[in-house]
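J.: Can you keep this structure in mind? I'll have questions shortly.
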Amino acid sequence: MRLRPGVVTSQRPEGWPPVPAPSALRVALLGCGVVGTQVARLLIEQADDLASRVGARLDLVGIAVRDITAPRDAIIDPALLTEDARALVERADIVIEVIGGIEPARTLLLHAIASGASVVTANKALLAEDGPTLYRAADEAGVDVYYEAAVAGAIPIVRPIRESLTGDRIQRVLGIVNGTTNYVLDQMTTHGLAFDEAVAQAQELGYAEADPTADVEGFDAAAKAAILASLAFHTRVTISDVQREGITKITADDVAWAKQTGHVIKLLAICEATEAGVSARVHPALVPLDHPLAGVRGAFNAVFIEAEAAGELMFYGRGAGGAPTASAVLGDVVSVARHRVLGGKGPAESHYAGLPIAAPATSRTRYQMRLAVSDRPGVLAQVAQVVSATGVSIEAVRQVALPDQDSRATSVGSDGSTVALLVITTHHAAESALAQTVAAIADLDAVQDVMSVLRVEGS
């Protein structure tokens, strides 16, 4: 039996002596930012414990960085630093990648795999765009690709889905998977801050980057949704398949009205298998206050799974930060290191189902609409008739005659009548039908303004 370079196996031809377990494994680290520094710290400070858990020492043999002269934490030995990442991965048994982005991460990881190294990555963007290329290369080389830290930081969610729940059938995944947006929305909810104020506060605390676009526009959450959908439904889902909407249009009024109707606004990643195929979407949604996700505060993350046999499960914890993310990285490192010591490898990519990607218009959800309407007889009937004509059913209507409760409502409409507020909640319907409903309502003469349209999830 021929062995690939760097691959340890416990399967030996009859009569051959057993393969001796290595006394040490060489670990290369790509990136030495906040997360990379914490990964290095754990490898160094917990070296003896990690050796006992793995069965071999984990020797950090180098750290690839862009500039070896940049200031570093004292835990980082300057002698470990190199700007030649390619040469570093060629002499490693395990490569940890925490530099992020598509390139040079993809090229370096493929080179590491070709050189016989197992890979641990936190790179959600790369996995969401081109994960199958890595998985295929790793499978051909007989090595592992692990990526627990790519989704929800320290929360163990990748392993439960692809291992613990592999005998079950997952029906739906709802996730708060971006700590920045959850912090912003939580501050708007609990302290009444405006969106810009909450973002500025998140930046001061280090929860948001100087340019928060990836977070507040939903790109970060969309990448994680693609990974979760791929795992849960055994189908390849890329970030381009994910319907995405950020939180930049959420106002203090939206948050206040959510509370009045028994909800809280969260940016959710929603993955489900429907009759039309796999649906993956990210958008702000009203979550009922009695749903477990409604209580996820600050920069914390949570993933709520609905499975056929296991029922409802929720995984909760810190979704970002150097130490929490490093914890997930080290968990993966121990797993792939054990495989190299004892033989075998972890689960490969599972895409056997090959389900189609559902068009966004086919998604079924509920809407809550807040309307400023002329306060005169017959208006509610007109609105109800329009909604019915589009095939959508109304669940509840709430009318408020005091327009000054909402800063965007005016006391007198364009036709000279007093303005009232209508809050309409629909039953589940196709996204396409709901969009038609909103457009038809906006065309009514009695409707002064469609002030807010939000989806309702979790009920």
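J.: Could you tell me how many of the residues in region 351-379 are touching a His at 6+ places or on another chain (Cβ under 9 Å), open to solvent by 60 Å² or more (accessible area, probe 1.4 Å) and modelled with pLDDT of 95 or more?
T.: The number of residues fulfilling the criteria is 3.
J.: Can you find even one residue in region 238-258 that is part of a strand (DSSP E or B) and either among the acidic types (Asp, Glu) or closer than 22 Å to Thr362 by Cβ (or both)?
T.: Filtering region 238-258 for residues part of a strand (DSSP E or B) gives 243-244.
From the residues that got through so far, the ones that are either among the acidic types (Asp, Glu) or closer than 22 Å to Thr362 by Cβ (or both) too are 243-244.
Yes, region 238-258 contains at least one residue that is part of a strand (DSSP E or B) and either among the acidic types (Asp, Glu) or closer than 22 Å to Thr362 by Cβ (or both).
J.: Here is a check on your reading of the model: is Glu306 open to solvent by 30 Å² or more (accessible area, probe 1.4 Å), assigned to a strand (DSSP E or B) and closer than 27 Å to Ile155 by Cα? Full working, then the answer.
T.: Details: open to solvent by 30 Å² or more (accessible area, probe 1.4 Å): yes; assigned to a strand (DSSP E or B): yes; closer than 27 Å to Ile155 by Cα: yes.
In short, yes.
J.: So, one more: Mind checking which helices (runs of 4 or more DSSP H) fall wholly inside region 40-129 and carry at least 2 residues that are under 19 Å from Ala348 (Cα atoms) and either open to solvent by less than 40 Å² (accessible area, probe 1.4 Å) or among the polar types (S, T, N, Q) (or both)?
T.: 105-114
J.: Right, here's the next one. Could you list, in sequence order, all residues of region 425-435 that are among the small types (Gly, Ala, Ser) and either open to solvent by 20 Å² or more (accessible area, probe 1.4 Å) or over 27 Å from the mean Cα position of the chain (by Cα) (or both)?
T.: If the condition is that a residue be among the small types (Gly, Ala, Ser) and either open to solvent by 20 Å² or more (accessible area, probe 1.4 Å) or over 27 Å from the mean Cα position of the chain (by Cα) (or both), then Ala430, Ser432, Ala433, Ala435 are the ones that fit.
J.: Could you give every pair whose Cβ atoms fall below 8 Å, whose first residue belongs to region 312-339 and is farther than 16 Å from Gly179 by Cα and polar (S, T, N, Q), and whose second residue is open to solvent by 10 Å² or more (accessible area, probe 1.4 Å) and part of a helix (DSSP H, G or I), counting only separations of at least 6 or pairs across chains?
T.: Listed by first residue and then by second, the contacts come to Ser327/Leu42.
J.: Moving to a separate point now. Return the residues of region 209-228 that are in a helix (DSSP H, G or I) and over 10 Å from the mean Cα position of the chain (by Cα); say none if nothing qualifies.
T.: If the condition is that a residue be in a helix (DSSP H, G or I) and over 10 Å from the mean Cα position of the chain (by Cα), then Thr213, Ala214, Asp215, Val216 are the ones that fit.
J.: Note down all Cβ pairs under 7 Å where the first residue falls in region 275-295 and is without any contact (Cβ under 8 Å) to a residue 40 or more places away in the chain, the second is outside any strand (DSSP E or B), and they're at least six residues apart or on different chains.
T.: Cβ pairs passing all conditions: Leu289/Gly262.
J.: Taking the condition out of contact with any Cys (no Cβ under 9 Å at 6 or more places or on another chain) and open to solvent by less than 30 Å² (accessible area, probe 1.4 Å), does Asp254 pass?
T.: Values: out of contact with any Cys (no Cβ under 9 Å at 6 or more places or on another chain): yes; open to solvent by less than 30 Å² (accessible area, probe 1.4 Å): yes.
Spelling it out, Asp254 is indeed out of contact with any Cys (no Cβ under 9 Å at 6 or more places or on another chain) and open to solvent by less than 30 Å² (accessible area, probe 1.4 Å).
J.: Specify the residue that is nearest to the chain's Cα centre (by Cα); the eligible residues are those in region 282-303 that are closer than 21 Å to Ile424 by Cα and in a strand (DSSP E or B).
T.: Looking at the filtered set, the residue picked out is His283.
J.: Give Asp73, Asp48, Asp130 a once-over and let me know the one that is modelled with pLDDT of 95 or more, under 24 Å from Val158 (Cβ atoms) and among the acidic types (Asp, Glu). Steps first, please.
T.: Values: Asp73 fails: under 24 Å from Val158 (Cβ atoms); Asp48 fails: under 24 Å from Val158 (Cβ atoms).
The unique qualifying residue is Asp130.
J.: Here's something else I'd like to know. Residues in region 259-281 that are among the small types (Gly, Ala, Ser) and either surrounded by fewer than 24 Cβ atoms within 10 Å (Cβ to Cβ) or part of a helix (DSSP H, G or I) (or both): how many?
T.: 4
J.: A further question follows. Name the single residue, out of those in region 436-453 being outside any strand (DSSP E or B) and within 20 Å of Ser363 (Cα to Cα), that is least open to solvent (accessible area, probe 1.4 Å).
T.: Taking region 436-453 first, the residues outside any strand (DSSP E or B) are 436-446.
Of the ones still in play, those that are also within 20 Å of Ser363 (Cα to Cα) are 436-440.
Details: Gln436: 107, Thr437: 0, Val438: 29, Ala439: 55, Ala440: 30 Å².
Among residues in region 436-453 that are outside any strand (DSSP E or B) and within 20 Å of Ser363 (Cα to Cα), the one least open to solvent (accessible area, probe 1.4 Å) is Thr437.
J.: Given the conditions (1) under 28 Å from Arg106 (Cα atoms); (2) surrounded by fewer than 17 Cβ atoms within 10 Å (Cβ to Cβ); (3) touching a residue at least 12 places away in the same chain (Cβ under 8 Å); (4) touching a strand residue (DSSP E or B) at 6+ places or on another chain (Cβ under 9 Å), and given that Ser23 satisfies all but one, which numbered condition is not satisfied?
T.: Exception for Ser23: condition (1).
J.: Give me the pairs: first residue in region 435-458 and closer than 18 Å to Gln399 by Cβ, second residue among the charged types (D, E, K, R) and open to solvent by 50 Å² or more (accessible area, probe 1.4 Å), beta-carbon distance under 6 Å, and six or more apart or on different chains, which are they?
T.: Pairs found: Met451/Arg408.
J.: Need the failing condition index for Ile270 against (1) within 27 Å of Thr121 (Cα to Cα); (2) out of contact with any Leu (no Cβ under 7 Å at 6 or more places or on another chain), just the number.
T.: Just one mismatch for Ile270, condition (2).
The values are calculated or read from the model by the stated rules, or taken from the named source; none is laboratory data. None of these values were measured; they are calculated from a predicted model. Here the Cβ is made from the backbone with ideal geometry for all residues, glycine too, and neighbour counts use every protein chain on show. Accessible surface areas use protein heavy atoms only, side chains included; no ligands, DNA or RNA. Shrake-Rupley method; radii C 1.70, N 1.55, O 1.52, S 1.80 Å.
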